[in-house]
Number of protein chains: 6
Amino acid sequence: MTTAITRLYRFSASHRLHAPGLSAAENLATYGKCNNPFGHGHNYVLEVTAAGDLDEQTGVLLPLAKLDRLVEETVLRGFANSNMNVDVRQFKHLVPTTENVVLVITELLQQNWETYLTGVPARLRRVHIQETDRNGFEVKLNA
Amino acid sequence: MTTAITRLYRFSASHRLHAPGLSAAENLATYGKCNNPFGHGHNYVLEVTAAGDLDEQTGVLLPLAKLDRLVEETVLRGFANSNMNVDVRQFKHLVPTTENVVLVITELLQQNWETYLTGVPARLRRVHIQETDRNGFEVKLNA
Amino acid sequence: MTTAITRLYRFSASHRLHAPGLSAAENLATYGKCNNPFGHGHNYVLEVTAAGDLDEQTGVLLPLAKLDRLVEETVLRGFANSNMNVDVRQFKHLVPTTENVVLVITELLQQNWETYLTGVPARLRRVHIQETDRNGFEVKLNA
Amino acid sequence: MTTAITRLYRFSASHRLHAPGLSAAENLATYGKCNNPFGHGHNYVLEVTAAGDLDEQTGVLLPLAKLDRLVEETVLRGFANSNMNVDVRQFKHLVPTTENVVLVITELLQQNWETYLTGVPARLRRVHIQETDRNGFEVKLNA
Amino acid sequence: MTTAITRLYRFSASHRLHAPGLSAAENLATYGKCNNPFGHGHNYVLEVTAAGDLDEQTGVLLPLAKLDRLVEETVLRGFANSNMNVDVRQFKHLVPTTENVVLVITELLQQNWETYLTGVPARLRRVHIQETDRNGFEVKLNA
Amino acid sequence: MTTAITRLYRFSASHRLHAPGLSAAENLATYGKCNNPFGHGHNYVLEVTAAGDLDEQTGVLLPLAKLDRLVEETVLRGFANSNMNVDVRQFKHLVPTTENVVLVITELLQQNWETYLTGVPARLRRVHIQETDRNGFEVKLNA
């Protein structure tokens, strides 16, 4: 039996939803009040799930301090207290919908996984972001 | 990588658990206090999960307004503030256990998906109902 | 410094809001969908707060088992899994709005406090009922 | 015994904390990352508490539809999905700390209470805003 | 369509994380403050998910009273209000990390499933333990 | 109008409830399973409320970094990941019921308030500890 750990992180940020290829009317129709030119914001709750076999001696799936450093340095440092449209490089040319936020964060975690978790057998399995009390977004990764 | 959105809806309703084919004693043994002849109720939390590829230009998985209209018109209009045994057609001949509620709602969403979400590539993947703080019921649909 | 304990209880029940002295149109205007003839229901969360001085030897404000027995026997036994309009005596002639529910429960706790908590110096200070995620009702009692 | 109702509203907004009378270094020392020039945001949870005597016939403290209209038209219409520094008039000359947000919203509710709740005996007693899972801000009003 | 039920249980316990095969320095490096010799504790939230086909007549997936008896007698009786290192047999020779706790509880539920749920077609599918607001641990079982 | 801020902190600890002046039977009758000789534990949620007038220029009630340092250095450093009976000096001769925990923490905050929050007009008004999902303990301080 493999086990999975889900670790929760929180950050606050703002975004404006506006697709440059669409007209003003189309942007309003697509994004509604989220197209407000000056942006608005959320308390995002980020869940990172990793799975694998436990270390037999310690009974631990992965060193939490290493996972925390990965998330802190590659995600939170850029996203926390940011205006994502302006402060996060990937959203210069990508609309910061939470669908795109979860994809960008998943890629950041995958690209840096080996660097921060060298030798740890656990693998990234799922990234979930809760944007509001009603909307959650998720990417699942195959075993 | 495909993404999934989970959207949360809330409704309050009442039900009485009573199977017509069982004796009074069997009904009491099966449903306990939920067999109370005058019913009782819950604040149900309904989660609808859909998955698929994002629209590249907008970065959106599905138009939330369309999903909301689907759920509002085919589910909430009938279930919210209802006595499900009396007010919801499907429970005239089906016991409104939350297991059956989640199945009925899943069928309503599937049958009406194309009508409300024409041309949207995202598909229904999961319906979850939280009945109390301790009991949740779920249907998962294959990709 | 006096301390206070808040103990949480949960129960599910149904109600119909309908004032006999009002016309059908007035009832609908007053209660909206909650006037549905067959009722609907909620998961009620009941908080009971008591305050006083600690027992010096035990460091305990009141014996929880006694408070639980008070609430169980005088409140939950009647309200849990009930249709309040029919099953709870007080609502034969009183509309079971949650405002009235919190008043009725406060009176039941006050009337029976001495019987169940004989010799305990802590006093009832507050009764709060959360009816939905958005509506809470409260009675505070003076010291 | 008087009763109180607490009604919960949610809105998302962004803000930047920056006091014009302070130097750049003082602003950074005072507000930390919240001084980020492009702002960040939150999911704010607004609780409005009113207290008074129940209407004897209906058992209702105040008509929720009227309270909702008050909050919708005088608060949410301006704050929801806004960049408060730019979109909310009061913060043109006032730093939109959540301390100030709760004061501004309290004043808006007080000034408009009589207009929206004419003839309703219940009075505003408390306004609370939860800014993050860890920080809540509150104003209490005397009876 | 098969349905799943998730039932939630709560218990409080304490543990000390210390691997006998590691040196004092290695233990401290691995477990940090959780290596504190006198232990610390948590409010654990245990979720048990079972899936299968509903009983057609009753619309019920499994008798909750039977599931509760299984969890109560084989898990909670041993774990609730315990110091797991001392009070739970399996942790005499296994470090009570929450990874191991979820594995031990999964095995207890699997080994006793047939005894407590004879003739019930639903099968155990998932065990999840939330250890703190930020850390959850899970085992999923194949269909 | 004065405003109040409530700041939330979390810590995990274990305790054993046992009053030295009581017999074994009395201890068991008083504390039930919490008298278990090896202790058990909780995730405690600590809320600290302070109230006062805002700094006019900054719109801030108190510098959060200073409050955090007060709580971190005088409370969490001793309580987090501790066995309170053994690791926290005050409980060498006082039963670590959560009633006593909230009193001890209140005293620690009061005694050190001036040192950490010199010149800040906000005053400590309330300390609340949630011990489990059902039990909360509170001390309120007069203005």
Looking only at residues that are among the aromatic types (Phe, Trp, Tyr) and within 24 Å of residue F:6 (Cβ to Cβ) in segment D:63-122, which one is farthest from the chain's Cα centre (by Cα)? D:91
Which pairs have Cβ atoms under 6 Å, sit 6 or more apart or on different chains, and link a residue in segment B:74-93 that is among the aromatic types (Phe, Trp, Tyr) to one that is open to solvent by less than 30 Å² (accessible area, probe 1.4 Å)? B:79/B:11; B:79/B:13; B:91/B:84
What number of residues within segment B:2-25 are of a type in the set (Lys, Arg) and in a loop (DSSP other than H, G, I, E, B)? 1
Consider segment A:5-15. How many of its residues are farther than 27 Å from residue D:83 by Cβ and touching a helix residue (DSSP H, G or I) at 6+ places or on another chain (Cβ under 9 Å)? 2
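Only one of these is in contact with a His (Cβ under 8 Å, 6 or more places away or on another chain) and among the hydrophobic types (A, V, I, L, M, F, W, C): B:38, B:137, B:79. Name it. It would help to see each step written out before you state the result.
Details: B:38 fails: in contact with a His (Cβ under 8 Å, 6 or more places away or on another chain); B:79 fails: in contact with a His (Cβ under 8 Å, 6 or more places away or on another chain).
That would be B:137, the only listed residue that is in contact with a His (Cβ under 8 Å, 6 or more places away or on another chain) and among the hydrophobic types (A, V, I, L, M, F, W, C).
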Here are F:61, F:17, F:103: which of them is touching a residue at least 12 places away in the same chain (Cβ under 8 Å) and under 30 Å from residue D:101 (Cα atoms)? F:61
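Do we have any residue at all in segment E:49-64 that's at positive phi and within 8 Å of another protein chain (Cβ to nearest Cβ)?
We begin by selecting, within segment E:49-64, every residue at positive phi; these are E:52, E:59.
From the residues that got through so far, the ones that are within 8 Å of another protein chain (Cβ to nearest Cβ) too are E:59.
Yes, some residue in segment E:49-64 is at positive phi and within 8 Å of another protein chain (Cβ to nearest Cβ).
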Could you tell me how many of the residues in segment F:81-101 are more than 11 Å from residue F:17 (Cα to Cα) and within 14 Å of chain E (Cβ to nearest Cβ)? 9
Going by what's in this entry, would residue A:115 be described as farther than 27 Å from residue D:40 by Cα and β-branched (Val, Ile, Thr)? yes
Report, by residue number, each residue of segment F:131-143 that is hydrophobic (A, V, I, L, M, F, W, C) and either crowded, with 21+ Cβ neighbours inside 10 Å or modelled with pLDDT of 95 or more (or both). F:137, F:139, F:141
Could you give every pair whose Cβ atoms fall below 7 Å, whose first residue belongs to segment B:131-143 and is closer than 18 Å to residue E:45 by Cα and facing another protein chain (nearest Cβ under 7 Å), and whose second residue is outside any strand (DSSP E or B) and of a type in the set (Asp, Glu), counting only separations of at least 6 or pairs across chains? B:137/B:99; B:137/B:131
Lone qualifier among F:44, F:9 - being closer than 19 Å to residue E:38 by Cα and within 12 Å of the chain's Cα centre (by Cα): F:44
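I'm checking my understanding of the structure. Among residues of segment B:1-16 that are within 14 Å of chain C (Cβ to nearest Cβ) and open to solvent by less than 20 Å² (accessible area, probe 1.4 Å), which one is nearest to residue B:120 (Cα to Cα)?
Let us first name the residues in segment B:1-16 that are within 14 Å of chain C (Cβ to nearest Cβ), namely B:8-16.
In the following step, the residues that additionally are open to solvent by less than 20 Å² (accessible area, probe 1.4 Å) were identified as B:9, B:11-15.
Numbers: B:9: 21, B:11: 26, B:12: 30, B:13: 31, B:14: 34, B:15: 35 Å.
That would be B:9.
Only residues that are charged (D, E, K, R) and touching an Asp or Glu at 6+ places or on another chain (Cβ under 7 Å): list them for segment C:8-27, please.
Quick first cut of segment C:8-27, residues charged (D, E, K, R) only: C:10, C:16, C:26.
C:10, the sole residue that qualifies.
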Condition broken by residue E:22, with the remaining ones in (1) open to solvent by less than 20 Å² (accessible area, probe 1.4 Å); (2) more than 13 Å from the chain's Cα centre (by Cα) satisfied: (1)
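The values are calculated or read from the model by the stated rules, or taken from the named source; none is laboratory data. Being a predicted model, the structure only gives us computed values, none of them experimental. Virtual Cβ from ideal backbone geometry, glycine too; neighbours counted across all protein chains shown. The area values use the complete protein model at the heavy-atom level, side chains included, leaving out ligands, DNA and RNA. Shrake-Rupley method; radii C 1.70, N 1.55, O 1.52, S 1.80 Å.
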